[in-house]
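One structure is given below, encoded as structure tokens.
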Amino acid sequence: MRFLVRRLGFLLVALWAALTVNFFIPRLMPGNPAEAMMATFRGHVNPAAMHALEVAFGVNTHESLPRQYIAYVGNTLTGHLGNSTSYSLLPVSTVIMKALPWSLGLVGITTILGFVLGTTIGAISAWRRGGALDSVLPPVFIVISAFPYFWIGLLAVWLFALTLNWFPLQFGYTETTVPALTWGFVGDVLDHAVLPAMTILITAIGGWILTMRNNMITVVAEDYVKMARAKGLKPRRILWQYAGRNALLPNLTGFAISLGFVISGAILVEYVFNYPGVGFMLLQSVQDQDYPLMQSLFLLITVAVLMAIFLSDIATAILDPRTRSSS
Amino acid sequence: MRGTLRAGLVGSALALVASTFVMISSGTVVLATSSAAGASTQAPLNLANEQGLLWPCTFNPFNPSDAAYSVGVTYETLDFVDALNNAKVTPWLASSYAWSNSNKTLTFTIRSGVKWTDGTPLTAADVAYTFNLIKKNAALDVNAVWTVLSSVKQSGANKVVFTFKTAAVPFFYYVAGQTPIVPEHIWSKIKNPVTDPVKNPLGSGGYIMSKCTSENIQWTANPHYWQPGLGAVKVVNMPAFLSNNTCNEYLATGKSAWGSQFIPNIKSYYVAKKPGNSYWFAPVANVVLFPNLKVAPLNDVAVRKAISYGINRAQVSKIGEYGYEPPATQTGIVTPTFSSWSSSVASTAAGTSYNPSKAKSILTADGYKMDSSGYFAKGGKELALTIITNGGYSDWVAAMQVVSQELKRVGIKASVDGVAATNFYSDVYAGKFQLAYNAEAGGPAPFYEMRQWLYSKNSAPIGTAASSNWERFSSPAVDALLNQYTATTSSATQHSIINQLQMVMVNQVPVIPLLEEVDWFQYNSKQYTGFPGPGNEYAQPGLYNIPDWGVVLLHLKPVK
């Protein structure tokens, strides 16, 4: 119980700190949203529009920073995230919902798949060191993960979309259709997701394989594993219940953190496949000095990462009783 | 550059790799032809217009971010002013106009028989309402028309009278050519016209926004449009592109027949891919080196002149911009678009635009001496400058690197600083630079860009953001000339003023035009006819020009 309270306390302090930093850092940047917006028009708009934008965005309201901060904390706690200046003053929640489901779907599923597959391959290849699996999969995936993502991505685009025409070139779904909950549309989304998902998977899996394999090798040499063998337990049971369970622990925190970062999207994937997602939105909001959108996205990421770490702490405590208290 | 990659290094790397791949695959690419849909149903026209965001699906014509997707196609203006053809005025919602009261009163006669797409007639009351709506909400006044207007009133059944504070003839372009007219019976019910997203825009134009998702905006032709015979294309799609290279792929694979993209190596990447693929980059404004006139040594006209003569603009164009943007001249007149405004006196006075020996002799006459390291110096101080440019535009950075090499040859040390976009613009606006490479919006005649550059009231003290005149030029004589221009409708007087301003450009070198900003435009002539081109410059075809691209769309015809 004390463990849980302590963890919760840490969670709240970290949240407050993130909230505060989140408010002040963007405001240290030079310029303001109106100037940034003028920049995005690339000179195609009358320079006189800057004044109109300043009025619309409430720039130069001369409210002191501490007052703005108090208003911001209050608004955030009551769920008022404001209106996005770079998305035509739409409510921030509306803007985020344009991209978030796509990131959660694509990056979320590939992260979980990558972790599950990577750990399994890592565990098995450590268990059968020098076997066929061990001498092929880990090296291949580690080499692939060393390539820059966009290189792999563009190679996939060229081969599977442009040359072989197996998969669509870009977008999250056939761009001229309207999203609807029909089998046809779901199929279309899956069709568009295959290529981005595969490229994420093959570039991300190498890391999980490597760490799991290394952890496993250490654990397999432990006395309790020898003991289990000596007792004549089934190898499968030793592999997963004795060695795997313990080798997994260090990977679990890493997994939790990457789950948290699912919410930050995958910017290069979005770039290469013109896939909707929060990664590009985050970059764009920073460039456009869209404070409300930027703050909300950072907040979302922070909350997600902190929650994921909190949950992984609890999971670790369940898997490994030693971490529950120092005594 | 306008229309080029916006995420710096990542973007340029992607484009490089992407163009290589498409080149490798040139023989094997299977072109997804959109015209193959058969004769019975017309295939939609897809547009390639990278804006780096998912569509917000808001169509507020007074919001500069939304205007490009509503003004021209859905909402219309009183007149159409053609920036590529001597500001030629085509009557649109107004059937005629007249200046009176020494050019302080402008009276429009509103066309009869025009209907909003809900069937309600468009009247003079709608026009007067629109302008007074803008007056009430400063945030809607994108073109600052109420800085010069004093009242807009309906007069009789079909006339609207605009009264100006002082004569403001060039503001005709913003009032008649750029301000969208909205229906009073809809907008009077909108609570907050500034923040209202206008999800279902209702206008009088040739196209109705029929559906919008984050990934695509679709328009369908207005079956009851008031100009019969226009609007032959039935369905138009504008997908959302996050990066330049995905949008270029869309164009190059033949999915789109009309784009306004910056495409590296356009001949091999685009033109060679499909019969009919063409491009036309019409010059519309200048890309300019702004010298900070408030700081030494650039407050010295000799240094500015030396810089202007010391740069081989043709080289900058070739290396920095694939030759897409032609070299500019110190007179500031964009050719061939505004050739009729070019002053032979000013051109003669300026002489050859690239003249390194003249650059050196100007500096020597000004008291500069070449030091041991090959740079000019005066009073022990080397002539060393920093050029800032938008680091997100890879081509601008490349162009400035050429400038730096060119200047080195005439003994001026110039380093290039590619600044992150937000910092770049705030530095430019606040005057925190020595030399800045940037462009103004321009307009349908050289006057607009000249006024943006030179009018002292556009500027601001160093440290305060200026909307234009970033170099902080201030000359009562030039202000007087610009004011005189706004008071006249006489073409002869206008030309004489622009001639004098060209002399100012040559003699005082307030800014240094380097290249000509172009309108990015690619099209497939085998799929659609009616696009503008050399000799037929009826509108700007870039998909960000309002209301121009709507006008171009109306004139397109699918090839059977």
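The values are calculated or read from the model by the stated rules, or taken from the named source; none is laboratory data. All values derive from a computational prediction rather than experimental measurement. Heads up, the Cβs are rebuilt from the backbone with ideal geometry, glycines too, and the neighbour counts pull from every protein chain shown.
In this structure, does B:F131 turn out to be touching a Pro at 6+ places or on another chain (Cβ under 8 Å) and at pLDDT 95 or above? When the stated conditions are applied, B:F131 does not pass them.
Answer yes or no: is there a residue in region B:245-265 that is more than 14 Å from chain A (Cβ to nearest Cβ), surrounded by fewer than 18 Cβ atoms within 10 Å (Cβ to Cβ) and part of a loop (DSSP other than H, G, I, E, B). Looking for residues that are more than 14 Å from chain A (Cβ to nearest Cβ), surrounded by fewer than 18 Cβ atoms within 10 Å (Cβ to Cβ) and part of a loop (DSSP other than H, G, I, E, B), one finds at least one in region B:245-265, hence yes. Just one of the listed residues (A:A99, A:A56) is within 25 Å of B:K135 (Cα to Cα), of a type outside the set (S, T, N, Q), in a helix (DSSP H, G or I) and within 14 Å of another protein chain (Cβ to nearest Cβ), and it is A:A56. Among the residues here, A:G31 does not qualify as on the phi > 0 side of the Ramachandran plot, within 14 Å of chain B (Cβ to nearest Cβ), touching a residue at least 24 places away in the same chain (Cβ under 8 Å) and within 25 Å of the chain's Cα centre (by Cα). Given the condition surrounded by 14 or more Cβ atoms within 10 Å (Cβ to Cβ) and either within 14 Å of chain B (Cβ to nearest Cβ) or of a type in the set (G, A, S) (or both), answer yes or no: does some residue in region A:236-243 qualify? Checked region A:236-243: at least one residue is surrounded by 14 or more Cβ atoms within 10 Å (Cβ to Cβ) and either within 14 Å of chain B (Cβ to nearest Cβ) or of a type in the set (G, A, S) (or both). The residue that is farthest from the other protein chains (Cβ to nearest Cβ), counting only those in region B:408-418 that are surrounded by fewer than 19 Cβ atoms within 10 Å (Cβ to Cβ) and without any contact (Cβ under 8 Å) to a residue 40 or more places away in the chain, is B:K408.
Going by the structure shown, is B:Y485 more than 25 Å from A:P30 (Cβ to Cβ) and not β-branched (V, I, T)? Can you show your working first?
Details: more than 25 Å from A:P30 (Cβ to Cβ): yes; not β-branched (V, I, T): yes.
Answer is yes for this residue.
Give region B:374-387 a look and list any residue that's among the small types (G, A, S) and closer than 11 Å to B:I412 by Cα, or say none. Once the filter is applied, which keeps residues that are among the small types (G, A, S) and closer than 11 Å to B:I412 by Cα, region B:374-387 yields B:G374, B:A377, B:A384.
Against the condition buried (at least 23 other Cβ atoms within 10 Å of the Cβ), within 14 Å of another protein chain (Cβ to nearest Cβ) and of a type in the set (A, V, I, L, M), how does B:L435 come out, does it pass? No: the conditions fail for B:L435. Within region A:126-141, does at least one residue satisfy the condition of being closer than 18 Å to A:L259 by Cα, surrounded by fewer than 21 Cβ atoms within 10 Å (Cβ to Cβ) and of a type in the set (A, V, I, L, M)? Taking every residue of region A:126-141 in turn, none turns out to be closer than 18 Å to A:L259 by Cα, surrounded by fewer than 21 Cβ atoms within 10 Å (Cβ to Cβ) and of a type in the set (A, V, I, L, M). Here B:T422 clears all of (1) within 11 Å of chain A (Cβ to nearest Cβ); (2) under 18 Å from the mean Cα position of the chain (by Cα) except the condition numbered (2). Restricted to helices (runs of 4 or more DSSP H) entirely inside region A:106-196, those with at least 2 residues that are within 9 Å of another protein chain (Cβ to nearest Cβ) are A:149-156. In this entry, B:I512 is excluded by the filter for residues that are among the β-branched types (V, I, T), closer than 30 Å to B:V419 by Cα and at pLDDT below 95. Criterion applied to B:Y425, B:Y429, B:Y437 was being of a type in the set (F, W, Y) and in a strand (DSSP E or B), and the one residue passing it is B:Y437.
Restricting attention to region B:365-379 and to residues that are among the aliphatic types (A, V, I, L, M) and touching a residue at least 40 places away in the same chain (Cβ under 8 Å), the residue that is surrounded by the most Cβ atoms within 10 Å (Cβ to Cβ) turns out to be B:M370.
Going residue by residue through region B:84-96, is there one that turns out to be under 28 Å from the mean Cα position of the chain (by Cα), in contact (Cβ under 8 Å) with a residue 24 or more places away in the chain and outside any loop (DSSP other than H, G, I, E, B)?
We begin by selecting, within region B:84-96, every residue under 28 Å from the mean Cα position of the chain (by Cα); these are B:84-96.
Still in the list and also in contact (Cβ under 8 Å) with a residue 24 or more places away in the chain: B:84-87, B:89, B:93-94.
Checking which are outside any loop (DSSP other than H, G, I, E, B) leaves us with B:89, B:94.
Yes; the residues of region B:84-96 include at least one that is under 28 Å from the mean Cα position of the chain (by Cα), in contact (Cβ under 8 Å) with a residue 24 or more places away in the chain and outside any loop (DSSP other than H, G, I, E, B).
Restricting attention to region B:211-250, the residues that are at pLDDT 95 or above and among the hydroxyl-bearing types (S, T, Y) total 2.
Any residue in region B:53-69 that is facing another protein chain (nearest Cβ under 7 Å) sitting within a Cβ distance under 6 Å of a residue that is among the basic types (K, R)? List the pairs, counting only those 6 or more apart or interchain. Taking only residues 6 or more apart or on different chains, the pairs are B:L54/A:K98. Out of A:Y72, A:Y87, one residue alone is among the hydroxyl-bearing types (S, T, Y), within 26 Å of the chain's Cα centre (by Cα), over 28 Å from A:L311 (Cβ atoms) and buried (at least 18 other Cβ atoms within 10 Å of the Cβ). It is A:Y87. Looking only at region A:24-53, residues that are buried (at least 21 other Cβ atoms within 10 Å of the Cβ), assigned to a helix (DSSP H, G or I) and not acidic (D, E) come to 10 in all. Within the set B:I387, B:I333, B:I362, the sole residue that is part of a strand (DSSP E or B), in contact (Cβ under 8 Å) with a residue 60 or more places away in the chain, of a type outside the set (F, W, Y) and touching a helix residue (DSSP H, G or I) at 6+ places or on another chain (Cβ under 6 Å) turns out to be B:I387. Of the residues making up region B:469-481, those that are assigned to a loop (DSSP other than H, G, I, E, B) and surrounded by 20 or more Cβ atoms within 10 Å (Cβ to Cβ) number 5. Being part of a helix (DSSP H, G or I), more than 14 Å from chain B (Cβ to nearest Cβ), touching a residue at least 24 places away in the same chain (Cβ under 8 Å) and out of contact with any Pro (no Cβ under 8 Å at 6 or more places or on another chain): is that true of A:V21 here? Spelling it out, it is not the case that A:V21 is part of a helix (DSSP H, G or I), more than 14 Å from chain B (Cβ to nearest Cβ), touching a residue at least 24 places away in the same chain (Cβ under 8 Å) and out of contact with any Pro (no Cβ under 8 Å at 6 or more places or on another chain). Of the numbered criteria (1) within 14 Å of another protein chain (Cβ to nearest Cβ); (2) not in a helix (DSSP H, G or I), the one A:L233 fails is (1). On inspection, A:V55 does not qualify as within 30 Å of B:S468 (Cα to Cα) and at pLDDT below 80. Examine region B:353-361 for a residue that is under 30 Å from B:Y448 (Cα atoms) and not hydroxyl-bearing (S, T, Y), and state whether such a residue exists. Yes, region B:353-361 contains at least one residue that is under 30 Å from B:Y448 (Cα atoms) and not hydroxyl-bearing (S, T, Y).
Could you list, in sequence order, the residues of region A:177-195 that are free of Cβ contacts under 8 Å to residues at least 24 places away in the same chain and in contact with a Ser or Thr (Cβ under 9 Å, 6 or more places away or on another chain)? Listed by number, the residues that qualify are A:T177, A:V178, A:P179, A:G184, A:F185, A:D188. Only one of the numbered conditions (1) within 14 Å of chain A (Cβ to nearest Cβ); (2) in a loop (DSSP other than H, G, I, E, B) is violated by B:A232, and that is (1).
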